[in-house]
Amino acid sequence: MIDTHAHFNSTDLKNLKQEIEIVNSKPYLNKIINVGLDYETSKEVVEISLREEKFYGTLGIHPLHEGNISSLLELYQQLDCSKIVALGETGLDKSSPDTLKQQEKKLLETIELANFLSLPIIIHADNTNREVIDILKKQIPKEGFVFHCFQPDLEILDEILKMNGYISVGTPITRKTAKKSLEVIKNIPIENLLIELDYPYMSKESTIDGRNVFNKIKLIRGYTHRELETILDNNAKKLFKKL
Ligand SMILES: [Zn+2]
């Protein structure tokens, strides 16, 4: 299994070293994409990727974090970014309405940089699916994109698919209240689906164990374990070509 979205850095985790060891001890978890949230975490993501075989990474300034997108280009040029597979996460988050203009500027700049570096982008859209899609239509991420932790909406899903985009889903789909998410999983072409745990934000109990999420998809779509694993891994490699 490839976990396409996690946050392993010393800001988010108290005992980073131990947490990385846990990842390394799980044989079913082959690769993990460690997502940068600002300059410091992005730098750490690169360092971890060079040290730890399973860890790949992204450089990004999260919509709710401070930072200049140009600093990511500096990082990319200064460090060995051979295992940096994407830019992000970037996007729009309505929980901070006062900064939406700045968030939009950072999103546009991230797409521009991703196109320059030939990398896909990871999108964070919190109550902003519509706004983000409208921006993507104007400024197209040429190497593709994924709506991470997708907030279910069949109309938006349709537009994402028309643009050849991906969605990734995680632990929220295992909750009893996940009716709308399950509709999405029933309807999406399986080639456009990715799996993520967004540890430590969205999955808190079972560290990086994605079995619950995986089994839920398996149940809905009726694949065998091996079939689904191959499909999801291939999807991840298709979007994140450096995996
Ligand atoms: Zn995240």
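Could you list, ordered by first residue, the pairs with Cβ atoms under 7 Å in which the first is in region 66-79 and in contact (Cβ under 8 Å) with a residue 12 or more places away in the chain and the second is acidic (Asp, Glu), at least 6 apart or interchain?
Partner pairs satisfying both residue conditions: GLU66/ASP38; GLY67/ASP38; ILE69/GLU109.
Show the residue pairs meeting these rules: Cβ distance below 9 Å; 6+ apart or different chains; first residue within region 174-193 and among the basic types (Lys, Arg); second residue modelled with pLDDT of 90 or more.
Every condition considered, the pairs that remain are ARG175/SER181; LYS179/PRO152; LYS180/GLN151; LYS180/PRO152; LYS180/ASP153; LYS180/LEU154; LYS186/ILE220; LYS186/ARG221.
Test of understanding: among ASP12, ASP93, which residue is charged (D, E, K, R), modelled with pLDDT of 95 or more and farther than 20 Å from LYS238 by Cβ?
Answer to the check: ASP93.
Yes or no: region 46-56 includes at least one residue that is at pLDDT 95 or above, surrounded by fewer than 17 Cβ atoms within 10 Å (Cβ to Cβ), of a type in the set (Gly, Ala, Ser) and under 22 Å from LYS242 (Cβ atoms).
Checking region 46-56: not a single residue is at pLDDT 95 or above, surrounded by fewer than 17 Cβ atoms within 10 Å (Cβ to Cβ), of a type in the set (Gly, Ala, Ser) and under 22 Å from LYS242 (Cβ atoms).
Please specify each residue of region 10-31 satisfying the condition of being among the polar types (S, T, N, Q) and either part of a loop (DSSP other than H, G, I, E, B) or touching a residue at least 24 places away in the same chain (Cβ under 8 Å) (or both).
Residues satisfying the conditions are SER10, THR11, ASN15, ASN24, SER25, ASN30.
Taking PRO200, is it within 16 Å of the ligand (Cβ to nearest atom) and within 21 Å of GLY67 (Cα to Cα)?
No, not satisfied.
What number goes with the only condition from (1) away from the ligand (no atom under 16 Å from the Cβ); (2) crowded, with 17+ Cβ neighbours inside 10 Å that GLY91 does not pass?
Unmet for GLY91, out of (1) away from the ligand (no atom under 16 Å from the Cβ); (2) crowded, with 17+ Cβ neighbours inside 10 Å: (1).
Six or more apart or on different chains, Cβ under 8 Å: which pairs go from a residue in region 34-45 that's more than 12 Å from TYR56 (Cβ to Cβ) and free of Cβ contacts under 8 Å to residues at least 60 places away in the same chain to one that's among the aliphatic types (A, V, I, L, M) and more than 13 Å from the ligand (Cβ to nearest atom)? Could you list them?
Here the result reads TYR39/LEU72; TYR39/LEU75; SER42/LEU59; SER42/LEU72; SER42/LEU75; LYS43/LEU75; LYS43/LEU79, each pair linking region 34-45 to a residue that is among the aliphatic types (A, V, I, L, M) and more than 13 Å from the ligand (Cβ to nearest atom).
The values are calculated or read from the model by the stated rules, or taken from the named source; none is laboratory data. It should be emphasised that the depicted structure is a prediction, and the values quoted were computed from it without experimental measurement. Ideal geometry is used to build each Cβ from the backbone, glycine not excepted, and the neighbour counts take in all protein chains shown.
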